[in-house]
Amino acid sequence: MNRLRILRPDDWHLHLRDGAALQAVVGFTAQRFGRAIVMPNLKPPITTTALARAYRQRILSALPAGSRFEPLLTLYLTNSTTPDEIDRARACGFIHGVKLYPAGATTHSDAGVSDLERVYGVLAHMEKVGMRLLIHGESTGPDIDVFDRESHFIDTVLEPLLVRFPRLPIVLEHLSTARGVEFIRGARPGIAATITPQHLLHNRNAIFSGGIRPHFYCLPILKREPDREALLEAATSANPRFFLGTDSAPHEKNAKENSCGCAGMFTAHAAIELYAEAFASVGRLDRLEAFASHFGADFYGLPRNTDHITLLNEPCMVPAGYLFGDAELIPYRAGETVGWRLESA
Ligand code: DOR
Ligand code: ZN
């Protein structure tokens, strides 16, 4: 297949940042996707509907002229989030989920939840009003092996949470393990997971091939080959519980190429093209549209997009870097090619 026309996709997990960084990256997503669930881990985090409203305006102002891209906002759950704030979020019409970062789990998660029991009241309220909980599912204790953090979280936090809140809709974000795939497949209704392109295309060897490669460092960290295979199998299985969420997370070059480099891979410049590569690798391009353009919208109770994009099976060169405010942004595949390109790009 040399040409693939699909309903316009949505990105159900995205970091857009703010200010000059936002301005530098939002166009890439807006060119490809109709909507995106925008993560709230700014500094300071988006903890209230008022902050989300202002952030939404900044995103809309940063869009290229004529863009019809729609940002879907999220709130950052803290130990002090109130049920009233959930009501305000529910009523505003542009907040579609509340994000749980276990404190210390990842970039800008220090304001996250330190003890889940402290937010039981808010979670009960979210369950009552039908507000989705989006979870960064990794345990954070220093004694837990970094490669086991997702499995540990599923076993010790998520399983009991599902029992305590049997009707709370939950997205387990950026699924990274075979254990996670098995868990999502067998979970009660109302549980889904997003999958990133990097977790479909790479295993952890990518982080260490020929030297240490900071641009392959993200959280959850890339796992073993059987995990990648299980994720690719899940994404291409036409199971509506698995859908597209890039977790594209731009950081300036100096913050990545550093003695303590931060987590995050920037993939927005070629996001849907990378998923096409992954699906083509197992002869399943026929299932890309459902994964990218149907299942997420259905889970979020939103209408599917109605316009289309076309992908061409032609190599497309990725620049060595992009401007990122005053800094530089190194994209995934910098200086190399991606096997697909957007027809209009
Ligand atoms: O790699 C990551 N980067 N994982 C996250 O959970 C956060 C993200 C970021 O904001 O940079
Ligand atoms: Zn993320």
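Things to note:
- Counting the residues of the range 166-182 that are more than 16 Å from ligand 1 (Cβ to nearest atom) and either open to solvent by 40 Å² or more (accessible area, probe 1.4 Å) or on the phi > 0 side of the Ramachandran plot (or both) gives 4.
- Identification of helices (runs of 4 or more DSSP H) wholly contained in the range 1-93 with 2 or more residues that are modelled with pLDDT under 95, of a type in the set (S, T, N, Q) and within 16 Å of ligand 1 (Cβ to nearest atom) yields no element.
- The single residue among Ala230, Ala206 that is assigned to a helix (DSSP H, G or I), under 19 Å from Glu138 (Cα atoms) and not charged (D, E, K, R) turns out to be Ala230.
- Single unsatisfied condition, Ser281 versus (1) within 29 Å of Phe147 (Cβ to Cβ); (2) surrounded by fewer than 22 Cβ atoms within 10 Å (Cβ to Cβ); (3) in contact with an Asp or Glu (Cβ under 7 Å, 6 or more places away or on another chain); (4) not acidic (Asp, Glu): (3)
- Leu274 open to solvent by 30 Å² or more (accessible area, probe 1.4 Å) and either within 21 Å of the chain's Cα centre (by Cα) or under 24 Å from Glu70 (Cα atoms) (or both): no
- The one condition in (1) over 18 Å from Ile6 (Cβ atoms); (2) assigned to a strand (DSSP E or B); (3) open to solvent by less than 30 Å² (accessible area, probe 1.4 Å); (4) of a type outside the set (D, E, K, R) that Leu323 fails to fulfil: (3)
- So Cys218, is it within 16 Å of ligand 1 (Cβ to nearest atom), touching a residue at least 60 places away in the same chain (Cβ under 8 Å) and either outside any loop (DSSP other than H, G, I, E, B) or among the hydrophobic types (A, V, I, L, M, F, W, C) (or both): no
- Restricting the first member to the range 279-303 and to residues that are over 19 Å from Phe94 (Cβ atoms), and the second to residues that are of a type in the set (A, V, I, L, M) and open to solvent by 30 Å² or more (accessible area, probe 1.4 Å), the beta-carbon pairs closer than 7 Å and six or more apart or on different chains are Leu285/Met1; Arg287/Ala238; Ala290/Ala238.
- Asp143 meets the conditions (1) surrounded by fewer than 23 Cβ atoms within 10 Å (Cβ to Cβ); (2) part of a loop (DSSP other than H, G, I, E, B); (3) within 16 Å of ligand 1 (Cβ to nearest atom) in every case but one. The failed one is (3).
- Filtered by the rule that a residue be open to solvent by 20 Å² or more (accessible area, probe 1.4 Å) and modelled with pLDDT of 95 or more, the range 94-131 gives Phe94, His96, Tyr120, Gly121, Ala124, His125, Glu127, Lys128, Val129, Gly130.
- Verdict on Val163 being loosely packed, with under 13 Cβ neighbours inside 10 Å, part of a helix (DSSP H, G or I) and either within 16 Å of ligand 2 (Cβ to nearest atom) or among the hydrophobic types (A, V, I, L, M, F, W, C) (or both): yes
- Subset of the range 183-202 [within 16 Å of ligand 1 (Cβ to nearest atom) and open to solvent by 20 Å² or more (accessible area, probe 1.4 Å)]: Leu201, His202
- Positions within the range 281-299 being part of a helix (DSSP H, G or I) and either touching a helix residue (DSSP H, G or I) at 6+ places or on another chain (Cβ under 9 Å) or among the charged types (D, E, K, R) (or both), in sequence order: Ser281, Leu285, Asp286, Arg287, Leu288, Glu289, Phe291, Ala292, Asp298
- When restricted to residues that are among the aliphatic types (A, V, I, L, M), open to solvent by 30 Å² or more (accessible area, probe 1.4 Å) and farther than 21 Å from His251 by Cα, the range 1-40 contains 1.
The values are calculated or read from the model by the stated rules, or taken from the named source; none is laboratory data. What you see is a predicted model; the values in this text were computed from it and never measured. When we count neighbours, we look across all protein chains shown, and the Cβ atoms used for this are built from the backbone with ideal geometry, even at glycine. Areas reflect the complete protein model, heavy atoms only, side chains present, ligands, DNA and RNA absent. Shrake-Rupley method; radii C 1.70, N 1.55, O 1.52, S 1.80 Å.
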